[in-house]
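Please read the structure below before turning to the comments.
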């Protein structure tokens, strides 16, 4: 088999390396920094179906969720800190209730378990929830992993299967054969011969694609996460307000916030989620942090007397149509893209890795990759 | 006559400007919280506000750094167990 070079050692690159190396491909992973140090380390480790409406992304998410469970069964859930915690989406107002129920109806038709919870039963699931919420929907299929641990574990297993992981080298370009096919990936230190190269550079996928000869539009969408002091087990599920789903799908460039609250095994409670299109500006916004904190207290009043330890920011990679870009570049033979997963990269990584591996080996694809094809986003030469 | 504050029901003397942690240590109290997982005893370590090892509950607020809180005569200082938020556990 020809060599496969994967650019990016985040969760998506790690999953590509995992499945590709185990299918017999000779794999090299290149990361300019350390594995999982980009967007992988900047989220909560969500594996969600609850926030996705019926459509191709939900199909990918459902398939990927099953692969995560397979990974946990084979390597042990502790390897990834995988928790089958479930999600609980709550309606703050009466007007949130109708759209939430309609959204859940569509999800159920697509195979999602979405169980309505009446207002007076919410506390059976989350005892600390505010008393005046109007109802919600429980999503038992939502999972969580510790994302950096998960990326490291997938890379370690890939190495056991023969993959090579090179850190601290930045991709600068590529060489192409007379037919335009990629023949080698060039870093600031070395050249890596390859038959195929996968652009798994996440939020930096546009620049990396350009260096490899085929740019795809991937843009950063900034988010902050607030971290509380350690607490006993106080929040059981991933809990968020129904307005979050609208924000995920929104095309508004301005600031959007809707509290997403969840506990971690370490005891801290994580509070997201904000969305802003401000380029790669990492600076702290007190306004955003204040809004998130206020919205979190609206869901869980006890948080008012809990201190924040820190705040971190990251950049979700999004494509203009909010679908990831997975598959062969129509302009550059040998170049595949696997990026643009927006806020869902941890959840979608295994299915992406499997799909990339299927596309490279010519195997029966895990699912129809057409909706994710790069051809939808770029000018295809006649 | 020196001032004192209440620590788990007994008076701890302090001089003005002294921290809660310094006063406790001077009174022979070496530990005033237990760690979250193993329940190990903890008191002053760095003493300058950096390490967060000397956490203590002051007037019902857990996770105050004993080395950074000035001692006052009306303070109620109590031993902290684990996160100090055990009452929230569900």
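A short reminder: the numbers here are calculations on the coordinates, not readings from a lab. Keep in mind that this is a model prediction, so the values were computed, not measured. We place every Cβ from the backbone using ideal geometry, glycine too, and count neighbours over all the protein chains shown.
Starting from the Cα of residue B:89, step 7 Å along the direction of its Cβ; do the same at residue B:6; then give the gap between the two resulting points in nm.
Going from the residue B:89 label point to the residue B:6 one covers 2.6 nm.
With axes computed from alpha carbons, what is the tilt in degrees of helix A:286-299 against the longest principal axis of chain A, rounded to the nearest 10 within 0 to 90?
50
Where in the range B:47-90 does the label zone of residue B:18 land, with the point 7 angstrom along Cα→C-beta and an amide N cut-off under 13 Å?
Answer for the range B:47-90: B:70-73.
Indicate, rounded to the nearest 5 percent, the antiparallel portion of the DSSP beta bridges found entirely in the protein assembly as shown.
Beta bridges within the protein assembly as shown, antiparallel portion: roughly 70 percent.
Given the options A:24, A:343, A:327, which has the most mean-square fluctuation in a GNM of chain A, springs set between C-alpha atoms less than 10 angstrom apart?
Result for chain A, Cα springs under 10 Å: A:24 fluctuates most.
Please determine, in degrees from 0 to 90 and to the nearest 10, the orientation of helix A:11-22 with respect to the longest principal axis defined by the Cα atoms of chain A, where the helix direction is its Cα long axis.
Compared with the principal axis, the helix lies near 50 degrees.
What's the ranking of A:188-198, A:11-21 by average number of surrounding C-beta atoms within 10 Å, highest first?
Order by mean packing, descending: A:11-21, A:188-198.
Report the extension gain between residue A:149 and residue A:123 in nm, rounded to one decimal, defined as 0.36 nm multiplied by the number of residues separating them, less their alpha carbon distance. Let's see the in-between values first.
Working: separation 26, 0.36 × 26 = 9.36 nm, distance 3.20 nm.
The residue A:149-residue A:123 span can extend by a further 6.2 nm.
May I ask for the distance between the Cα centers of the range B:23-87 and the range A:265-343, given as a whole number of Å?
35
If you take every DSSP beta bridge whose two residues both sit in the range B:3-81, what share of them, in percent to the nearest 5, is antiparallel?
So the antiparallel bridges amount to about 75 percent of the total.
What ranking, highest mean first, results for peptides A:74-80, A:314-320 when packing means the other Cβ atoms within 10 Å averaged over each residue?
A:314-320, A:74-80
Per residue of A:227-240, count partner chain C-beta atoms within 10 Å of its C-beta, then hand back the mean as an integer.
3
How far apart, in nm, are the 7 Å Cα→Cβ label points at residue A:207 and residue A:277?
2.0
Would you work out if the protein assembly as shown is rounded, prolate or oblate? Take a ≥ b ≥ c from the square roots of the eigenvalues of the alpha-carbon gyration tensor; rounded if a/c is under 1.5, else prolate when a/b is larger than b/c, oblate otherwise.
Since a/c reaches 1.5 and a/b is larger than b/c, the shape of the protein assembly as shown is classed as prolate.
On average, how many beta carbons from a partner chain sit within 10 Å of the beta carbon of a residue in B:80-87?
4
Place the peptides B:24-31, B:10-17 in order of packing, highest mean first, counting for every residue the other Cβ atoms within 10 Å and averaging per peptide.
Per-residue mean Cβ counts within 10 Å order the peptides as B:24-31, B:10-17.
Give, in nm to one decimal, the length gained when the segment between residue A:376 and residue A:178 is fully stretched (0.36 nm per residue of separation minus the Cα-Cα distance).
Length difference between fully extended and current span is 68.7 nm.
Hey, got the average number of other protein chain Cβ atoms within 10 angstrom for residues in A:261-267?
Numbers: counts 0, 0, 0, 0, 0, 1, 5.
Per-residue shielding by partner chains comes out at 1.
Could you give the angle, 0 to 90 degrees to the nearest 10, between helix A:94-109's Cα long axis and the longest principal axis of the Cα atoms of chain A?
Its long axis makes an angle of about 40 degrees.
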